[in-house]
Structures are given as structure tokens and as C-alpha cells.
Amino acid sequence: MRRGPRKQSSGDYESAVGLEKLRAIYAELAGVLGGWTCDASTDCCRFGVTGREPYPTAVEVSELERAVRARGGLPKRRALPTVSARGEDERRCALLSDEGKCLVYASRPFGCRTFFCERAKGPAGEPSRAAPKSEIARLGRAVADLSARFAPADPGPRPLSKVTAEWGGRGESRTSRARRG
């Protein structure tokens with residue numbers, strides 16, 4: 001028996017619209033941060049060293065899940081070092097490849113796009129303290145508002161390490177499975 005194309009449910013449509021809106025916010029953020037760079041690239045992906053990590057919202061987790069599924073899940077890891085050469089606990093991001101590149105760079109959460117260490121420089125060489133904080137805050141609120149509409153029952157942002165630990169290599173969180181029913 002031949003089946004036609006799968007019909008898109010209203011939840012699928014709402015999810016796609018939410019992700020499209022999230023990507024538009026990310027594009028606006030890229031414009032605001034145009035020219036900003038950091039020579040310490042991926043230092044912020046070592047949560048144990050920096051003492052901080054991104055806390056993605058439900059809509060961001062959904063975008064990350066989509067990107068991880070598109071690449072076939074999280075990689076099977078060789079034993080990654082958890083201690084840096086300086087003796088610090090690295091706690092590397094699960095989305096950081098063995099080569100030191102983000103596996104889902106285009107889909108990385110807001111927090112990964114806005115972490116400015118003291119080595120970050122603006123387009124004219126200005127220090128990170130000169131970053132456009134009010135615009136970054138406005139766009140951060142836009143992501144939070146979108147996420148509240150996207151997943152009203154979601155408990156809110158959670159540590160990225162907790163999100164990726166839930167996936168267990170599948171690239172899908174309990175929140176996503178619960179939304180699908």
C-alpha cells in the first residue's frame with residue numbers, strides 16, 4: 001500500500017515557525033556583533049575552566065536537537081581529557097569536536113554567541129566591556145519571550161551540559177519527546 005506524504009501537524013508547523021523566528025533573532029544578533037572576535041576561540045567551551053556555560057531555552061534546545069539529529073547524533077567520543085594542561089577541570093562542551101570546532105556552530109545557542117572573554121575585541125579593537133550590551137540584552141529577552149510561547153510548560157533555561165547529557169547520543173531531549181507526545 002502506497003502512502004502519501006506525511007501531513008504536518010499543527011505542532012510541527014508551530015515548531016518550524018518558532019525555529020524560523022529564533023534563526024531571525026540569531027541573524028539580527030550577528031548583525032549587532034558584526035566584527036567582534038575572540039582569539040581565545042573555544043575557551044568558553046571549557047565550562048570547568050571558565051566556570052560558566054550557556055543556559056539554552058526550550059526553543060534553542062529544539063534547534064540544537066535538530067542540528068544534532070541532522071549530523072547523525074553526538075559523536076562516539078574517545079576518552080576526552082577532563083583536566084587541562086594547567087590541571088583545571090575542563091568539562092568540555094559535548095558539542096565541541098575533538099579538533100576543537102563546534103559541531104553545530106550555525107545552531108549554537110544565544111549564550112555561545114555572546115560570551116565575551118576579556119580577550120574579545122570589537123571591530124575597532126575596542127575591549128569586550130564596550131560590547132553593545134543593551135542590544136544583546138534586548139535580543140536575549142526576545143529569545144526568552146519566543147521560548148515562552150514555543151513551550152509554555154517548559155521549566156526554563158537549563159545548563160547546556162545537562163541538555164546534552166539527556167540526549168545520550170540520540171540528539172533528542174526528554175522535553176522534545178514530551179512535546180511530540
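The values are calculated or read from the model by the stated rules, or taken from the named source; none is laboratory data. Just so it is clear, the structure is predicted and the values come from calculations on it, not from any experiment. Reconstructed Cβ throughout: ideal geometry from the backbone, glycine too, with neighbour counts over all protein chains shown.
Which pairs do you get when a residue that is within 18 Å of Lys101 (Cα to Cα), found in segment 29-53, comes within reach of a residue that is outside any helix (DSSP H, G or I) and polar (S, T, N, Q), reach meaning Cβ atoms under 9 angstrom, with the pair 6+ apart or on two chains?
Arg46/Ser84; Gly48/Thr82; Gly48/Ser84; Val49/Ser84
Output the residues belonging to segment 126-157 that are hydroxyl-bearing (Ser, Thr, Tyr), under 18 Å from the mean Cα position of the chain (by Cα) and modelled with pLDDT under 95.
None; the set is empty.
Among the residues of segment 114-156, how many are in a helix (DSSP H, G or I), acidic (Asp, Glu) and in contact (Cβ under 8 Å) with a residue 60 or more places away in the chain?
1
Mind listing just one residue for me: the one in segment 48-66 that is in a helix (DSSP H, G or I) and in contact with a Leu (Cβ under 8 Å, 6 or more places away or on another chain) and, of those, surrounded by the fewest Cβ atoms within 10 Å (Cβ to Cβ)? Don't jump to the end; show me each part of the working.
Of the residues in segment 48-66, the ones in a helix (DSSP H, G or I) are 48-50, 58-66.
Filter again for in contact with a Leu (Cβ under 8 Å, 6 or more places away or on another chain), leaving 59-60, 62-64, 66.
Working: Val59: 25, Glu60: 29, Ser62: 25, Glu63: 23, Leu64: 25, Arg66: 17.
So the residue we want is Arg66.
What is the number of the single condition among (1) among the hydroxyl-bearing types (Ser, Thr, Tyr); (2) modelled with pLDDT under 90; (3) within 26 Å of Pro159 (Cβ to Cβ) that Ser62 does not meet?
Ser62 satisfies all of (1) among the hydroxyl-bearing types (Ser, Thr, Tyr); (2) modelled with pLDDT under 90; (3) within 26 Å of Pro159 (Cβ to Cβ) except (2).
When you go through Glu172, Glu118, Glu166 one by one, which is the residue that is exposed (fewer than 12 other Cβ atoms within 10 Å of the Cβ), at negative phi and modelled with pLDDT under 90?
Of Glu172, Glu118, Glu166, the one residue that is exposed (fewer than 12 other Cβ atoms within 10 Å of the Cβ), at negative phi and modelled with pLDDT under 90 is Glu118.
Give the residue that is nearest to the chain's Cα centre (by Cα), with candidates limited to residues of segment 24-45 that are polar (S, T, N, Q) and assigned to a loop (DSSP other than H, G, I, E, B).
My answer is Thr42.
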